[in-house]
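This report refers to the structure that appears directly beneath it.
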Amino acid sequence: MKKTQQQINVIEIDTRDANYQTGIGRYIDIVSRNMPEYVHTYRIILYRTDATEVKITQTETELSVFYPKNMPAPILNGVIVHMWRQKIAQMENLILKVNCTGMESLAYTIRTQFYCKLIGVLHFSPQWIMDGNPHRKDNPFFNMDHVISVFGRGVEFLREMNCQRPHTVILNGIEPPKIGQRPHDDVFRFIFPNGWSPRKGLVKILPAFKKVAEKHKIEVLILGGKESGINPEELTKGLPVRLLGLIDDEMEVAKYYDMSDCALFASASEACSIAGIEAMARNLPIISTNCQGLAEMFDNAALYAKMAPDYAIDANEYAEHMCRIIEDKRLRNKLSVLAYARYLKCYTAKKMCKQTLELYEKLTNND
């Protein structure tokens with residue numbers, strides 16, 4: 001990577017539901033630890049909760065704000081700027097990176113008071129585009145200095161948003177994992193790493209688990225937090241699943257990938273799923289819905305279950321794919337090799353971080 005003596009300060013801004021597993025947290029971790037010493041990374045993380053009061057915790061490098069979902073954005077933004085006003089005022093060559101659409105107003109608020117560069121990161125397919133509403137013209141990136149799309153089709157979404165800001169496709173990536181030994185038993189294990197958010201589709205493929213369990217000895221490891229109003233224990237009663245809940249520790253997550261023989265995805269939409277990259281990097285065959293983001297990621301390294309326009313998934317087709325993976329060792333090995341090759345070609349942390357650093361330097365050197 002290019003060497004320079006100029007210090008660059010980056011504040012990563014992210015908003016997330018406190019109940020969910022999130023790949024964006026992993027993205028921030030990977031980018032920050034692969035930057036050279038002259039790039040200092042800070043975080044402002046906002047957690048939507050069902051609580052009625054605001055809770056704030058902070059360290060030297062991170063401000064975490066747990067806030068009620070109905071809290072007005074101007075009040076929330078004001079609290080955050082007040083908390084970190086002195087810290088931000090001391091930062092030279094400052095870049096704000098907004099990692100989810102939804103908190104751009106905070107970045108714009110900060111820029112009215114401090115000189116900085118803004119980067120918007122398109123980490124997912126906006127719902128209104130997924131729903132085929134071409135008349136809506138929301139453009140949260142309208143005043144960004146640069147926009148990163150983490151998936152190729154994101155460029156089309158930016159165009160449909162009527163976003164004319166400079167933009168770059170930088171695919172997500174992870175470091176090469178250390179792969180442990182899988183259990184030596186007669187249980188075939190699947191991993192579903194995306195939790196219970198409705199758009200991740202887990203509820204729609206639960207019937208497939210029952211069908212497959214009638215023929216084979218299986219276990220499905222389910223990672224991720226709960227969705228309000230959903231009772232995972234009730235929904236999975238009698239099914240061969242292990243509910244692992246929300247896990248933030250990377251080593252703990254890695255343990256369950258190591259136990260698995262195949263990764264499952266059922267999303268209605270994705271951009272560049274960190275969980276999907278983890279599966280590829282660990283040589284796992286993959287079964288997925290054919291949503292555009294996942295099909296772009298996995299290419300020929302997955303078996304695909306078709307989605308209807310209303311996001312319905314044929315559980316019978318999904319179960320057939322699961323049985324094929326269990327029964328056909330040659331197919332399983334082929335998909336494993338293709339998955340790892342695709343990871344090496346497109347989704348390494350080295351490639352992602354090199355391109356990201358080049359953008360940081362371009363923006364700060366233009367001053």
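The values are calculated or read from the model by the stated rules, or taken from the named source; none is laboratory data. Bear in mind that the values here come from a model prediction, so they are computed numbers and not experimental data. Virtual Cβ from ideal backbone geometry, glycine too; neighbours counted across all protein chains shown.
A single member of D314, D310 is more than 26 Å from E214 (Cα to Cα) and without any contact (Cβ under 8 Å) to a residue 60 or more places away in the chain, and it is D310.
Only a single item in (1) among the hydrophobic types (A, V, I, L, M, F, W, C); (2) exposed (fewer than 15 other Cβ atoms within 10 Å of the Cβ); (3) closer than 18 Å to H321 by Cα is not met by L235, and it is number (3).
How many residues, within the stretch 43-73, are touching a residue at least 40 places away in the same chain (Cβ under 8 Å) and in a strand (DSSP E or B)?
Looking only at that region, the number is 3.
Quickly run through the stretch 1-34 and pick out the residues that are among the small types (G, A, S), at pLDDT below 90, outside any loop (DSSP other than H, G, I, E, B) and surrounded by fewer than 22 Cβ atoms within 10 Å (Cβ to Cβ).
Of the stretch 1-34, the ones among the small types (G, A, S) are 18, 23, 25, 32.
From the residues that got through so far, the ones that are at pLDDT below 90 too are 18, 23, 25.
With the extra rule that they be outside any loop (DSSP other than H, G, I, E, B), the set shrinks to 23, 25.
The one that is among the small types (G, A, S), at pLDDT below 90, outside any loop (DSSP other than H, G, I, E, B) and surrounded by fewer than 22 Cβ atoms within 10 Å (Cβ to Cβ): G25.
Evaluated against (1) modelled with pLDDT of 90 or more; (2) in a loop (DSSP other than H, G, I, E, B); (3) within 17 Å of Y42 (Cα to Cα), P177 falls short on exactly one condition, (3).
Condition test on R189, is it outside any loop (DSSP other than H, G, I, E, B) and either on the phi < 0 side of the Ramachandran plot or out of contact with any helix residue (DSSP H, G or I) (no Cβ under 7 Å at 6 or more places or on another chain) (or both)?
On the way: outside any loop (DSSP other than H, G, I, E, B): yes; either on the phi < 0 side of the Ramachandran plot or out of contact with any helix residue (DSSP H, G or I) (no Cβ under 7 Å at 6 or more places or on another chain) (or both): yes.
Taking the combined requirement at face value, the residue satisfies it.
Taking first residues from the stretch 30-41 that are over 15 Å from M91 (Cβ atoms) and partners that are surrounded by fewer than 18 Cβ atoms within 10 Å (Cβ to Cβ) and of a type in the set (A, V, I, L, M, F, W, C), the Cβ contacts under 8 Å between residues at least 6 apart in sequence or on separate chains come to P36/M1. With respect to the conditions (1) modelled with pLDDT of 95 or more; (2) outside any loop (DSSP other than H, G, I, E, B), G293 lacks only one, and its number is (1).
Yes or no: the stretch 195-206 includes at least one residue that is in a loop (DSSP other than H, G, I, E, B), modelled with pLDDT under 95, touching a Leu at 6+ places or on another chain (Cβ under 7 Å) and not aliphatic (A, V, I, L, M). Within the stretch 195-206, one or more residues are in a loop (DSSP other than H, G, I, E, B), modelled with pLDDT under 95, touching a Leu at 6+ places or on another chain (Cβ under 7 Å) and not aliphatic (A, V, I, L, M).
Just the residues that are of a type outside the set (D, E, K, R) and surrounded by fewer than 18 Cβ atoms within 10 Å (Cβ to Cβ), please, taken from the stretch 284-303.
Restricting attention to the stretch 284-303, the residues satisfying the condition of being of a type outside the set (D, E, K, R) are 284-295, 297-298, 300-303.
Result: N290, Q292, A295, N300.
Counting only residues that are more than 17 Å from the chain's Cα centre (by Cα) and closer than 21 Å to K217 by Cβ, the stretch 256-285 holds 8 of them. Check S269, S288 and return the single one that is modelled with pLDDT of 90 or more and not in a helix (DSSP H, G or I). Going through S269, S288 in turn, just one is modelled with pLDDT of 90 or more and not in a helix (DSSP H, G or I): S288. Residues in the stretch 296-310: is at least one among the aromatic types (F, W, Y), modelled with pLDDT under 95 and in the same structural domain as L206 (by TED's automatic domain parsing)? No, there is no match, as no residue in the stretch 296-310 is among the aromatic types (F, W, Y), modelled with pLDDT under 95 and in the same structural domain as L206 (by TED's automatic domain parsing).
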